[in-house]
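Below you'll find the structure, written out as structure tokens, and then a few comments.
The values are calculated or read from the model by the stated rules, or taken from the named source; none is laboratory data. Small disclaimer: the values here were computed from a predicted structure and weren't measured. Don't worry about glycine lacking a Cβ; one is built from the backbone with ideal geometry, like all the others, and counts go over all protein chains shown. Keep in mind that these areas ignore ligands, DNA and RNA; they rest on the heavy atoms of the full protein, side chains included. Shrake-Rupley method; radii C 1.70, N 1.55, O 1.52, S 1.80 Å.
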Amino acid sequence: MSDTLTKLTYQTFQQGKSFFSFTHQALTTKLRDLLVPRLRQRIKPVSQELLLKLKVQERLNHLLEIDWQDTEKGVYPKELLFDNPWEDFFRFYPQVWLDIPQIWERIQLNKYQNFSSEIETDGYPSYYLQNFHHQSNGYLSDLSANLYDLQVELLFGGSADAMRRRVLSPLKRGLKTFEFVIPRQIRILDVACGTGRTLRMIRAALPQASLYGTDLSPAYLRKANELLSQIPGELPQLLQANAEELPYLDNYFHAVTSVFLFHELPANVRPTVIEQCFRVIKPGGVLIICDSLQLNDCPEMAPIFHNFQAIYHEPYYRHYTTDNLV
């Protein structure tokens, strides 16, 4: 397939995902406003003028163009652009809708730390025992792990994977420090690896590297193992672990990545996690954090930041938007 046709196919594919996601969001928002009007009171109005000023569609198009350009540069193979969990989509999209009434009920009752009796919550840090995004059983159930990637794609207009892939270019640049190291001896850790989608992408970009992942959720690690066992190459080593106490030796990894974690950490925990990441990185290694914009990146987005926290129950997000991660 020619590059022109491949690019057109990719753009069409992404437009389809975006259209579906925004349609889903519009429909669920209308139903929510009708059935849970109290939530509407927490939301700041975002005018069409502001959305035009923020150039949201332009930002999305720019993201997708960068995604394409990285394949042109050989950062990762073009096949990765089309790596979509279709089986999970058809299996679990109906369950997304089935879970929505429970989400709305929790919103009405202000239940943000609500877990089923069969979910084991002992031994987890209190800040982790949240119904992030109001989802049932937080991050501790198999259902949550099965729905997560689909929910995030719907939330981000079909661009979640393109966002995750932003770690790959700086990762490969950072690893040039270790060009003298045999590829299979390069060690990369993904902190809070979740369902393993970022590790799957890293495997495509660096097929010989030794990959590691940690997460607090056994359910998400089971899902990650299922996802990662489908691809060729050495299976990444997954461990259930708290990022505040990474169970690795000092100076062990050549690179550490973390995607969509830091906005869900309390203010006092973020520095601890960063210190742990630096502890396990070799001198000259690289730490890459992929997460939400912050307020100083785009002050005009303040109403959207407010609404994200209000709608999706992100209790640590407000402080994150003003925290100095550097």
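Tell me the accessible surface of Lys44 in square angstrom (1.4 angstrom probe, heavy atoms of protein chains only), to the nearest ten.
100 Å²
Here is the link list: Lys30/Lys55; Lys17/Lys282; Lys17/Lys73; Lys55/Lys176. Which ones come out longer than 29 Å on Cα distance?
Exceeds cut-off: Lys17/Lys282; Lys55/Lys176.
Express in nm, to one decimal, how much length is gained between Leu50 and Leu35 on full extension, taking 0.36 nm for each residue of separation and deducting their alpha carbon distance.
Difference between extended and current length: 2.7 nm.
How much FRET efficiency would the formula 1/(1 + (r/R0)^6) give for Asn110 and Phe20, where r is the Cβ-Cβ distance and R0 is 30 Å, rounded to 0.05?
Efficiency for this residue pair is about 0.45.
Let me know the charge dipole size of segment 76-161 about its Cα centre in debye, to the nearest 20, where only the beta-carbon of Lys, Arg (+1) and Asp, Glu (-1) is charged.
340 debye
What does the charge add up to near Phe260, with Lys and Arg as +1, Asp and Glu as -1, over the other residues with Cβ less than 14 Å from its Cβ?
Charge balance near Phe260 sits at -3.
Sticking with the crude label model, points 7 Å out along Cα→Cβ, report the distance from Ser2 to Lys176 in nm, one decimal please.
Between Ser2 and Lys176, the simple spin-label model gives 3.2 nm.
Hey, rough spin-label estimate for Gln208 and Trp86, points 7 angstrom out along Cα→Cβ, what's it come to in nanometres?
Taking the simple label geometry, Gln208 and Trp86 are separated by 3.3 nm.
What shape does segment 147-225 take by its C-alpha gyration tensor, where a ≥ b ≥ c are the square roots of the eigenvalues and a/c under 1.5 counts as rounded, a/b above b/c as prolate, and the rest as oblate?
oblate
Roughly how many nanometres apart are two label points built 7 Å out from the Cα toward the Cβ at Leu239 and Ile43?
4.3 nm
Just how large is the dipole of segment 231-316 about the Cα centre, in debye to the nearest 20, putting +1 at every Lys and Arg Cβ and -1 at every Asp and Glu Cβ?
For segment 231-316, the charge dipole is close to 160 debye.
To the nearest 10 square angstrom, how much accessible area does Lys73 have with a 1.4 angstrom probe?
The value for Lys73 is about 150 Å².
Counting pairs of Cα atoms in segment 1-92, how many percent are more than 22 Å apart?
The proportion of pairs with Cα distances above 22 Å equals 48 percent.
Using only the alpha carbons of the chain, determine the length spanned along each of the three principal axes and report them from longest to shortest in whole angstroms.
That gives 60, 52, 40 Å along the principal axes, largest extent first.
Using a 1.4 angstrom probe and counting only protein chains, how large is the accessible area of His319 in Å², to 10?
Roughly 90 Å² of His319 is accessible to a 1.4 Å probe.
What value, in deg cm²/dmol to 500, does the helix sum -39500 (n - 2.57) over DSSP H runs of n ≥ 4 give at 222 nm once divided by the residues of the chain?
-15000 deg cm²/dmol
If you rank Leu129, Leu235, Leu246 by how much accessible surface each has, with a 1.4 Å probe, what is the order from largest down?
My answer, sorted largest first, is Leu235, Leu129, Leu246.
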